[in-house]
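Undergrad: Below you'll find the structure I mean.
The values are calculated or read from the model by the stated rules, or taken from the named source; none is laboratory data. On a predicted model such as this, the values are computed, not experimentally measured, just so you know. Cβ atoms come from the backbone with ideal geometry, glycine included; neighbour counts cover every protein chain shown.
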Amino acid sequence: MINADSDVLALSSGAEVGVKLGDDGFNRRYDHMTLHTSQHLLSALLETRLNLPTLSWSLTASPAPCYVELPRSMTVEEITSIQDEANRLVFEGRKVHIEVQELDTAQEPDVPKLASGREVGRGLPSNYTGGVKRVVVIDGVDRNPCCGTHLPSLHNLQLFLLPHTEALARSSTTSARLYFLAGPRLITHLIFSHTLLAGTAALLSCGAPQVQERVNQVIDERKRAEKRAEDLEVELAARIAGDLLRDLSEKKEDNRLFVSSIHRTDDSSTALGFLSAVAFSFTNALPSSPVKDSPYLIILSCTPSSQTSTSTSVVLIFGSDEKKVKEAGEAIKTKLGVKGGGKGPRWSGKLVGVWKESREEAAVKEVLRAVAEN
């Protein structure tokens, strides 16, 4: 039962209270205090050594690195020097304590502002109305107004800065983020990074120091393989187009529409691109062939080798008569439920589901016969 009078007395000035966090709560609080104190140390050194004010900082969810936002990027040499200086102070074990006094707004200096109007620096925010001024002091290093909790010393802080900054571009300003880790979160990060590196090294059958070289090698090999596959696809597309032209020549009849369909299996993510390459090779070779004036309508389609209800098959229709191409496309949409469209002498679409020879391919041939007879 709640008793307001006794509760107020329990929280009066000088009363001793007990706080129960549990292991998880304590670990989370210790992580926050470690990174908060690290941020004070980092921001102080950035400002005093490099004249870089901290615009903001983020205490990210564990185990991600935290960051401070700065008005510009930093060089690797600058980051290294700040990290070395920070850890020198850590090894010295500089003490951290809190000073609290009544706030006298008349004595408080104005907060420095950037040209954009953004407040930076170490003064109290202009909208602060707390009544007291609480200052966190790192002995011989920093005095900064703050309402947060901190470690009592820099011992075992071991600050680590990620050796790069991430540039941020906004509408009117440009800033950068410098990421950092400390304490238990740093250990977690090192364990995760080592596990990731060791796993990658095992996959590549090499030692950890050779991972970057081996990854570069794999990337180069993949690029060469992709180039070779592209060249072979161009060659294959030309062969298929040549077969179509030969069929057109052999089956040429006066003013009669030549129709043909080709279905193939293709597991690549660029199946429609290959069908377009066939169509391009055909139309590119047609003007120099003996049947350059012959009317034609061709439907190309392809499906993945393993089909499910969510598989995607693609269809490409091209021909000498735009009206015939559109007629065939609309018929394919109606009969097969293909979604697509086109412009000029080309139409393309996709079918989600299973493509069967007895059903979809038969419907394609039926569409070609109907268009040819019209």
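Undergrad: Quickly run through region 324-339 and pick out the residues that are buried (at least 17 other Cβ atoms within 10 Å of the Cβ), touching a Gly at 6+ places or on another chain (Cβ under 8 Å) and without any contact (Cβ under 8 Å) to a residue 40 or more places away in the chain. I'd like the intermediate steps shown before the answer.
TA: Taking region 324-339 and keeping what is buried (at least 17 other Cβ atoms within 10 Å of the Cβ), we get 324-329, 331-333, 336, 338.
Those still in the list that are touching a Gly at 6+ places or on another chain (Cβ under 8 Å) too: 325-326, 328-329, 332-333, 338.
VAL325, LYS326, GLY329, ILE332, LYS333, VAL338 - these are the residues of region 324-339 that are buried (at least 17 other Cβ atoms within 10 Å of the Cβ), touching a Gly at 6+ places or on another chain (Cβ under 8 Å) and without any contact (Cβ under 8 Å) to a residue 40 or more places away in the chain.
Undergrad: Hey, can you tell me all the residues within region 64-80 that are over 12 Å from ARG177 (Cβ atoms) and hydroxyl-bearing (Ser, Thr, Tyr)?
TA: The answer is THR75, THR80.
Undergrad: Would you say SER269 is part of a loop (DSSP other than H, G, I, E, B), of a type outside the set (Phe, Trp, Tyr) and loosely packed, with under 15 Cβ neighbours inside 10 Å?
TA: It is true that SER269 is part of a loop (DSSP other than H, G, I, E, B), of a type outside the set (Phe, Trp, Tyr) and loosely packed, with under 15 Cβ neighbours inside 10 Å.
Undergrad: Return the residue satisfying two criteria in turn: it lies in region 308-323 and is surrounded by fewer than 21 Cβ atoms within 10 Å (Cβ to Cβ) and over 36 Å from the mean Cα position of the chain (by Cα), and of such residues it is nearest to PHE282 (Cα to Cα).
TA: Going through region 308-323, the residues surrounded by fewer than 21 Cβ atoms within 10 Å (Cβ to Cβ) turn out to be 308-312, 320-323.
In the following step, the residues that additionally are over 36 Å from the mean Cα position of the chain (by Cα) were identified as 320-323.
On the way: SER320: 11, ASP321: 15, GLU322: 16, LYS323: 19 Å.
Looking at residues that are surrounded by fewer than 21 Cβ atoms within 10 Å (Cβ to Cβ) and over 36 Å from the mean Cα position of the chain (by Cα), I get SER320.
Undergrad: Just wondering, is there one or more residues in region 46-54 that are among the charged types (D, E, K, R), at pLDDT below 90 and under 36 Å from the mean Cα position of the chain (by Cα)?
TA: No, that holds for no residue.
Undergrad: For LEU286, are the conditions met, namely being surrounded by 15 or more Cβ atoms within 10 Å (Cβ to Cβ), touching a Cys at 6+ places or on another chain (Cβ under 8 Å) and within 20 Å of ARG239 (Cβ to Cβ)?
TA: no
Undergrad: Please enumerate the residues belonging to region 185-238 that are in a helix (DSSP H, G or I) and among the polar types (S, T, N, Q). Steps first, please.
TA: Let us first name the residues in region 185-238 that are in a helix (DSSP H, G or I), namely 185-203, 208-238.
Those that are in a helix (DSSP H, G or I) and among the polar types (S, T, N, Q): THR188, SER193, THR195, THR200, GLN210, GLN212, ASN216, GLN217.
Undergrad: Give the residues of region 66-87 that are over 28 Å from the mean Cα position of the chain (by Cα) and under 19 Å from PRO184 (Cα atoms), sorted by residue number.
TA: Of everything in region 66-87, those that are over 28 Å from the mean Cα position of the chain (by Cα) and under 19 Å from PRO184 (Cα atoms) turn out to be GLN83, ALA86, ASN87.
Undergrad: Something else about it: Restricting to region 243-266, name every residue that is out of contact with any helix residue (DSSP H, G or I) (no Cβ under 9 Å at 6 or more places or on another chain) and outside any loop (DSSP other than H, G, I, E, B). Before you say what the answer is, go through the steps one by one.
TA: Of region 243-266, the ones out of contact with any helix residue (DSSP H, G or I) (no Cβ under 9 Å at 6 or more places or on another chain) are 243, 246-247, 249-255, 265.
Hits for region 243-266 are ASP243, ARG246, ASP247, SER249, GLU250, THR265.
Undergrad: Same structure, new question: Could you tell me whether LYS350 is within 12 Å of SER313 (Cβ to Cβ), surrounded by fewer than 16 Cβ atoms within 10 Å (Cβ to Cβ) and under 34 Å from the mean Cα position of the chain (by Cα)?
TA: In short, yes.
Undergrad: May I ask you to list pairs of residues, at least six apart or on different chains, whose Cβ atoms are under 6 Å apart, with the first in region 229-253 being within 17 Å of PRO290 (Cα to Cα) and the second being among the hydroxyl-bearing types (Ser, Thr, Tyr) and part of a helix (DSSP H, G or I)?
TA: ALA241/SER281
Undergrad: Can you pull out the residues in region 61-80 that are touching a residue at least 24 places away in the same chain (Cβ under 8 Å), of a type outside the set (A, V, I, L, M) and either buried (at least 16 other Cβ atoms within 10 Å of the Cβ) or part of a loop (DSSP other than H, G, I, E, B) (or both)?
TA: Once the filter is applied, which keeps residues that are touching a residue at least 24 places away in the same chain (Cβ under 8 Å), of a type outside the set (A, V, I, L, M) and either buried (at least 16 other Cβ atoms within 10 Å of the Cβ) or part of a loop (DSSP other than H, G, I, E, B) (or both), region 61-80 yields SER62, PRO63, PRO65, CYS66, TYR67, GLU69, PRO71, ARG72, SER73, GLU78.
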